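The values are calculated or read from the model by the stated rules, or taken from the named source; none is laboratory data. Here the structure is a predicted model, which is why all the values come from computation and not from measurement. Ideal geometry is used to build each Cβ from the backbone, glycine not excepted, and the neighbour counts take in all protein chains shown.
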Amino acid sequence: MAELYAWASYMNPLMEHAYVTSSAGHRWPCFGGTDRGRPIGSGLGHPEVAQCLSLPDSEAGINYGLTGVCHQAANRILWPAKVLVSQARSYNLSVMIYGAYGTPNETAERKWRERIGQCSAAQDKSASQISFTWDGDNPPAVPSADQEYAEKLIRLHLQAGERGPVELLARETALLIDYRLPGTGSQLVRTVQDIQRELLAEKETLDKVLLRKHVGGEKYAAEVNDLINQELAQFLELLGAQYYEQLFGLKPGERCDLVVPEIAAESFR
């Protein structure tokens, strides 16, 4: 066992890069660097399981921009410690699109569950139990403001069972809104989920064009960022300026280019 640390480092005033380190000396860049970060959470976990989950190259099975960004890769690596990088700026926007652990389509979700099982199997029985269960008596060492949200989110994934990926993401979104915008009501949650589904359907079209190699990673990133910012305008109209800023950390008119074109270009050469 070792301490796994979640970090967030400055990218621009609206975004932070997330990465992971361990007390055993591991450093997982998650598509970026591993320095100048601020600590945003920690918890005990098996570093060998984290290392296995991180492969290849600390990307943790995430296809950059397609199935996630640094936040999803970091959350996957932190799975043994049951910690999230939810304090990183732009995290809420990220999980609205990709979920906490990567885009929840059938194939990606199956591969993620298989990865957890394979990496846990490399450890003894106790390590495997730590990877799949959490007794609630020793909550993860996340900032107190995020602890309840983290507990509910992780429990949702532990109990996912046969729940489909679309339903799983919808439940993730409901948890996020309940945490960031408590008391706003189920109708608002459903409307946010409707906008989310619209965004993901349009993104899926862009994904297919990328996978057919009709565009490169840089152009794909630009198109995804344009789509995200178009949909943010709908969220702003629905939520109003105050709730919009509470949820996304953005003021009206601020543009957040979540997918870094240079990283996407390198990932899809």
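The table below lists the values:
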{"item": "Qualifying residues in the range 29-71 (those that are of a type in the set (Asp, Glu) and under 18 Å from the mean Cα position of the chain (by Cα)) - the one surrounded by the most Cβ atoms within 10 Å (Cβ to Cβ)", "result": "Glu59"}
{"item": "Hits in the range 1-14 (condition: within 10 Å of Ala88 (Cβ to Cβ) and crowded, with 22+ Cβ neighbours inside 10 Å)", "result": "Ala6, Trp7, Ala8"}
{"item": "Test: residue in the range 246-256 that is within 14 Å of Met96 (Cα to Cα) and acidic (Asp, Glu)", "result": "no"}
{"item": "Single unsatisfied condition, Ser131 versus (1) of a type in the set (Gly, Ala, Ser); (2) modelled with pLDDT of 80 or more; (3) out of contact with any Lys or Arg (no Cβ under 8 Å at 6 or more places or on another chain)", "result": "(2)"}
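To keep it simple, each residue is scored yes or no on (1) in contact (Cβ under 8 Å) with a residue 40 or more places away in the chain; (2) of a type in the set (Gly, Ala, Ser); (3) more than 23 Å from Thr103 (Cα to Cα); (4) in a helix (DSSP H, G or I).
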position: Ile195; (1), (2), (3), (4): yes, no, no, yes
position: Leu210; (1), (2), (3), (4): yes, no, no, yes
position: Ala222; (1), (2), (3), (4): no, yes, no, yes
position: Val259; (1), (2), (3), (4): yes, no, no, no
position: Ala264; (1), (2), (3), (4): yes, yes, no, yes
